[in-house]
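What follows is a short report on a single structure.
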Amino acid sequence: MQWVIIDSRVYDLSSFAKLHPGGQSVLLDPEIAGGDATEQFFALHRTEVLDRYSRLQIGTIEGEEAQIKSHIPGSLSAVPYAEPNWLSPGFHSPYYKEHHHRLRAVMRKFVDEVVYPDAQKHERDGTPPSQRVFDEMARLNITAMRVGPGKHLQGRVLMDGIISVEEASPSQFDPFHELIINQELSRIHARGYADGLAGGTIIGLPPIIKFAQPALRDKIVDEVLSHKKALCLAVTEAFAGSDVQGLRCRATRTKDGWIVNGTKKWITNSTWAHYFTVACKADDGEIVVLVVERGEGIETKPIKTSYSSGSAGTGFVTFDNVHVPFENQLGAGQPGLNIILANFNHERWVLTVSTIAGQRIIFEECFKWAAQRKVFGKPLAAQPVIRQKLASMISRFESCQAWLENITFQMCAMSAKEQAKHLASQIAFLKMHATRASQATAADAVQIFGGRGITQSGLGTHIEHYHRTLLIDAVGGGAEDVLGDLGVRQILRLMPRQARL
Ligand SMILES: Cc1cc2nc3c(=O)[nH]c(=O)nc-3n(C[C@H](O)[C@H](O)[C@H](O)COP(=O)(O)OP(=O)(O)OC[C@H]3O[C@@H](n4cnc5c(N)ncnc54)[C@H](O)[C@@H]3O)c2cc1C
């Protein structure tokens, strides 16, 4: 008979011992067998393991109550700094209204119950998110909300009516709703899968909403927001990433439409996309943006990256003599470059939102571990160097979150024209700052977790994943150095001529 106590619960391991992945002998250790093994258990396992083997529990210790609680789907964390200020008891915020809190609560539950289990499975096997998750996102209109405020929300029932028709109106639905959805979706510890959840639509649909002819716009909005079809944004090429003007994908005007020839690289969701929002060079050297439907002459091949083996649908796209009707050109008569550049601000803001939320959940992992791991006879958190790392993490993500909320508030208050003028540099600087902060946090987290921090299973599994995948945010939507440079070039233009030391 092999019994053990973990957190006041008694488990019979007799039948399980032979199957124990860490070997039977550790369970027979006199410090463990027949006694209280709570500390030893949590030095090696996550709480989920206890949940998974709950069938082995045969009783509880009389007069005692289990202290360690499993995560209840939808619940807030009680760990200090694991939630932003606006969700922490006793704190106040000028930004979030009651309906933001309502949205946050249902999103957390949806992410915990529906998205997280699917994400963990598909991130590992490198396959796209389940259609079941897409269907639920369509029913609740989550992807529609992630595209931002606008007319595309009119008449939609948001989150089963949790957000009322009035709250969905352009005067009430604001970028804080989007921020909430994206921060909640960033809690799944599956960075590639997170982009697999219609990342291409989030960045590829806004130009269609703003610049497509109404018939094309309405058809595509309907198809992609219902997740019957998928869309991606295809700007980058092997020869032109940061330098958008250097595009080589060619669009030739003929008497009955455009003919597209060229390639695109690292295009998110492209391997399963039905539509491509494509930036091309016309014969006169100007950039034109075309909506291209998958068909003859288009091929997509998966690209494996360190951030995703396939769940993001990252691909290489080739266009060989692809015919595109004239009515599929976005904003005909306007410079296509402006359409692409205007779209970048939203994309960069979305990436910044998720990279900041990512830092916070990694801090929570680290803080829990620093409190439970014993080294040299005391908890890891008793080491000043560890406390310093935790303090640095908190300072980084709290300052990023405060700046992000300020910029988001400006997005609520400014017109589109004012945002283009004032926020491009703000968003560029914040994205650069936030992704550098993420890299510092990842490095600190690996040190705190030791070998577990670079192991793809067990206690450090989320740290390993974060450290391996976070650089997508530092490169995608504009590389860090390029964004810093862009921001300073923009403010140099605003420098008053009379300003002198
Ligand atoms: C996984 C993944 C998914 C992506 N998804 C998409 C997508 O869906 N759609 C899409 O269109 N694109 C996508 N991209 C492309 C992404 O936006 C580009 O990789 C990015 O813009 C940088 O371009 P590049 O890789 O060609 O780097 P380059 O332009 O070749 O630059 C390389 C490096 O040189 C430096 N550099 C370049 N120019 C300057 C400068 N002016 N000042 C200072 N330093 C400079 C920077 O450090 C930069 O990182 C994706 C990329 C990846 C890796």
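Which condition from (1) at pLDDT 95 or above; (2) out of contact with any Asp or Glu (no Cβ under 7 Å at 6 or more places or on another chain); (3) more than 16 Å from the ligand (Cβ to nearest atom) is the one that Lys389 breaks?
With respect to (1) at pLDDT 95 or above; (2) out of contact with any Asp or Glu (no Cβ under 7 Å at 6 or more places or on another chain); (3) more than 16 Å from the ligand (Cβ to nearest atom), Lys389 is out only on (2).
Within segment 356-363, does at least one residue satisfy the condition of being in a helix (DSSP H, G or I), closer than 30 Å to Ser130 by Cα and within 16 Å of the ligand (Cβ to nearest atom)?
yes
Please enumerate the residues belonging to segment 438-489 that are of a type in the set (Ser, Thr, Tyr) and either away from the ligand (no atom under 16 Å from the Cβ) or surrounded by fewer than 18 Cβ atoms within 10 Å (Cβ to Cβ) (or both).
Thr441, Thr455, Ser457, Thr461
State yes or no: is Thr300 of a type in the set (Ser, Thr, Tyr) and near the ligand (Cβ under 9 Å from one of its atoms)?
No, not satisfied.
Return the residues of segment 229-251 that are of a type in the set (D, E, K, R) and in contact (Cβ under 8 Å) with a residue 12 or more places away in the chain; say none if nothing qualifies.
The answer is Lys229, Glu237, Arg248, Arg250.
Exactly one condition in (1) farther than 29 Å from Glu39 by Cβ; (2) touching a Gly at 6+ places or on another chain (Cβ under 9 Å) is not met by Asp112; state its number.
(1)
Out of (1) open to solvent by 20 Å² or more (accessible area, probe 1.4 Å); (2) near the ligand (Cβ under 10 Å from one of its atoms), what's the single condition that is false for Asn269?
The one condition Asn269 does not meet is (1).
Can you name every residue in segment 20-61 that is in contact (Cβ under 8 Å) with a residue 40 or more places away in the chain, within 37 Å of the chain's Cα centre (by Cα) and open to solvent by 80 Å² or more (accessible area, probe 1.4 Å)?
Of everything in segment 20-61, those that are in contact (Cβ under 8 Å) with a residue 40 or more places away in the chain, within 37 Å of the chain's Cα centre (by Cα) and open to solvent by 80 Å² or more (accessible area, probe 1.4 Å) turn out to be Glu39, Leu44.
Could you check Leu492 against (1) in contact with a helix residue (DSSP H, G or I) (Cβ under 9 Å, 6 or more places away or on another chain); (2) within 24 Å of Phe344 (Cα to Cα); (3) open to solvent by 20 Å² or more (accessible area, probe 1.4 Å) and say which number it fails?
(1)
Yes or no: segment 229-249 includes at least one residue that is part of a strand (DSSP E or B), farther than 29 Å from Gly155 by Cα and more than 11 Å from the ligand (Cβ to nearest atom).
No, segment 229-249 contains no residue that is part of a strand (DSSP E or B), farther than 29 Å from Gly155 by Cα and more than 11 Å from the ligand (Cβ to nearest atom).
Search segment 458-485 for residues that are among the acidic types (Asp, Glu) and pair each with any residue that is at pLDDT below 95 and open to solvent by 10 Å² or more (accessible area, probe 1.4 Å) when their beta-carbon atoms are under 6 Å apart and the residues are at least 6 apart or on different chains.
Correct list of pairs: Glu464/Gln456.
Applying the selection to segment 120-132, what residues are open to solvent by less than 40 Å² (accessible area, probe 1.4 Å) and over 16 Å from His227 (Cβ atoms)?
Correct list: Gln120, Glu123, Gly126.
So, Gln388, is that one in a helix (DSSP H, G or I) and surrounded by fewer than 17 Cβ atoms within 10 Å (Cβ to Cβ) or not?
Here the answer is yes, as Gln388 does meet what is asked.
Take the residues of segment 203-228 that are away from the ligand (no atom under 16 Å from the Cβ) and buried (at least 23 other Cβ atoms within 10 Å of the Cβ): which is farthest from the chain's Cα centre (by Cα)?
Ranking the qualifying residues of segment 203-228, first place goes to Ala212.
Exactly one of (1) over 27 Å from Leu486 (Cα atoms); (2) in contact (Cβ under 8 Å) with a residue 60 or more places away in the chain; (3) open to solvent by 10 Å² or more (accessible area, probe 1.4 Å); (4) not in a strand (DSSP E or B) is unmet by Asn261. Its number?
Failing condition for Asn261: (4).
With respect to Val278, determine if the residue is out of contact with any Gly (no Cβ under 8 Å at 6 or more places or on another chain) and surrounded by 23 or more Cβ atoms within 10 Å (Cβ to Cβ).
So Val278 fits the description; yes.
Could you tell me whether Phe173 is of a type in the set (Phe, Trp, Tyr) and outside any helix (DSSP H, G or I)?
yes
The values are calculated or read from the model by the stated rules, or taken from the named source; none is laboratory data. Predicted, not measured: the structure shown is a model, and the values here were computed from it. Reconstructed Cβ throughout: ideal geometry from the backbone, glycine too, with neighbour counts over all protein chains shown. Only protein heavy atoms, including side chains, enter the accessible area calculation; ligands, DNA and RNA are left aside. Shrake-Rupley method; radii C 1.70, N 1.55, O 1.52, S 1.80 Å.
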